[in-house]
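To start, the structure itself, in structure tokens.
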Amino acid sequence: MPVVDYAALTDVGVEREHNEDYIAVNEQLGLFLVADGMGGHASGEVASRIAAQTIEQRMLAGAPMVQAIMQAHEAIIEGVRSGEGSRGMGTTVVALQLEGDAYQLAWVGDSRAYLWDGKLKQISKDHSLVQMLLDSGHINEAEARDHPRKNIIYQNLGAEEQDAPQVSLLQGQLHKGEKILLCSDGLSDELDDRQISEVLASEQDNDRLAEALVAAANRQGGSDNISVIVVSAPEDAGEQPEQIEADNESGRDTLVPE
Ligand code: CA
């Protein structure tokens, strides 16, 4: 097995009393995951934990990542029924599976993945109202950044009104020297691309990078829980870029902006 170097860190932030984020790494699966829970009575942290554990368990049992994410949605709804959490709880998820230098990235909601190759590129696309407004040309990047409703996501795992979440899927290949950053919005809301890039350019060591990213978000206010996972390409990764984009969405939008 090629050596994959990574660091994973979650932090409650400055203003919150609970950490509703949940991060998980399974080296056997090459799985790296950030879930950002929501819901009253501390049930957000129940939802993100159920999601992370279900995805890991189902993948260990042989399920493909997207299927495991669908099953996590069911498991959260079941968690409400059984009283483990409370009604309305849900979670985002962004999950990366690395096999050699090939990766699969899947996500629901607005937890993000970025590719770092000396430049920062967001490779996930938020399932958010603001992203829709951006895509349809109603607002520009600067307006998106400061939009008052930027935390509204139109789907999450556990939402009972959804039969099944739309899981976005991206496949690609990591090249020598590249890294993938997974994060919750506690990082990406506090730091813009330039600020994230400055941190990533400042340091090679993944542990120190994760700490520096969390510290930078806390310096900007730390208004939400902050989770980061930084994963380096395997040492024997190839040099040639190739990327295939796929999406399991059937074009069915669950929310249409005005
Ligand atoms: Ca959050």
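The values are calculated or read from the model by the stated rules, or taken from the named source; none is laboratory data. Keep in mind the model is a prediction, meaning the values are calculated, not measured. Here the Cβ is made from the backbone with ideal geometry for all residues, glycine too, and neighbour counts use every protein chain on show.
Just to verify a result, which residue in region 214-243, among those that are free of Cβ contacts under 8 Å to residues at least 60 places away in the same chain and among the aliphatic types (A, V, I, L, M), is nearest to Glu190 (Cα to Cα)? Applying the filter and picking the extreme gives Ala216. The set of residues in region 153-201 that are hydrophobic (A, V, I, L, M, F, W, C) and surrounded by fewer than 17 Cβ atoms within 10 Å (Cβ to Cβ) comprises Ala164, Ala201. Name the residue that is farthest from the ligand (Cβ to nearest atom), counting only residues in region 25-54 that are closer than 12 Å to Ala68 by Cβ and surrounded by fewer than 21 Cβ atoms within 10 Å (Cβ to Cβ). Step by step, filter region 25-54, then rank; the result is Leu29.
Considering Glu20, Glu45, Glu27, the condition of being touching a residue at least 60 places away in the same chain (Cβ under 8 Å) and of a type in the set (D, E, K, R) is satisfied by Glu20 alone.
Annotation for region 52-70: no member residue is among the basic types (Lys, Arg) and over 30 Å from Glu178 (Cα atoms). Going by what's in this entry, would Ser128 be described as under 27 Å from Val46 (Cα atoms), of a type in the set (Ser, Thr, Tyr), within 16 Å of the ligand (Cβ to nearest atom) and without any contact (Cβ under 8 Å) to a residue 40 or more places away in the chain? Judged against the criteria, Ser128 is a match. Please verify whether region 199-207 includes one or more residues that are modelled with pLDDT under 95 and over 15 Å from Trp116 (Cα atoms). Looking through region 199-207, none of the residues is modelled with pLDDT under 95 and over 15 Å from Trp116 (Cα atoms). Which ones in region 137-154 are under 26 Å from Ile69 (Cβ atoms), touching a residue at least 60 places away in the same chain (Cβ under 8 Å) and out of contact with any strand residue (DSSP E or B) (no Cβ under 6 Å at 6 or more places or on another chain)? Of everything in region 137-154, just one residue is under 26 Å from Ile69 (Cβ atoms), touching a residue at least 60 places away in the same chain (Cβ under 8 Å) and out of contact with any strand residue (DSSP E or B) (no Cβ under 6 Å at 6 or more places or on another chain), namely Tyr154. Could you check how many residues of region 155-170 are more than 27 Å from Arg81 (Cβ to Cβ) and without any contact (Cβ under 8 Å) to a residue 60 or more places away in the chain? Result for region 155-170: 0. A count restricted to region 12-24 and to residues that are crowded, with 24+ Cβ neighbours inside 10 Å and of a type in the set (D, E, K, R) stands at 2. The residues of region 177-236 that are within 23 Å of Pro148 (Cβ to Cβ), within 16 Å of the ligand (Cβ to nearest atom) and not in a helix (DSSP H, G or I), listed by number, are Cys183, Ser184, Asp189, Glu190, Leu191, Gln220, Gly221, Gly222, Ser223, Asp224, Asn225, Ile226.
Among the residues of region 11-50, the ones that are outside any strand (DSSP E or B) and out of contact with any His (no Cβ under 8 Å at 6 or more places or on another chain) come to 21 in all.
The requirement of being touching a residue at least 24 places away in the same chain (Cβ under 8 Å) and either of a type outside the set (Ser, Thr, Tyr) or closer than 27 Å to Ser232 by Cβ (or both) is not satisfied by Ala63.
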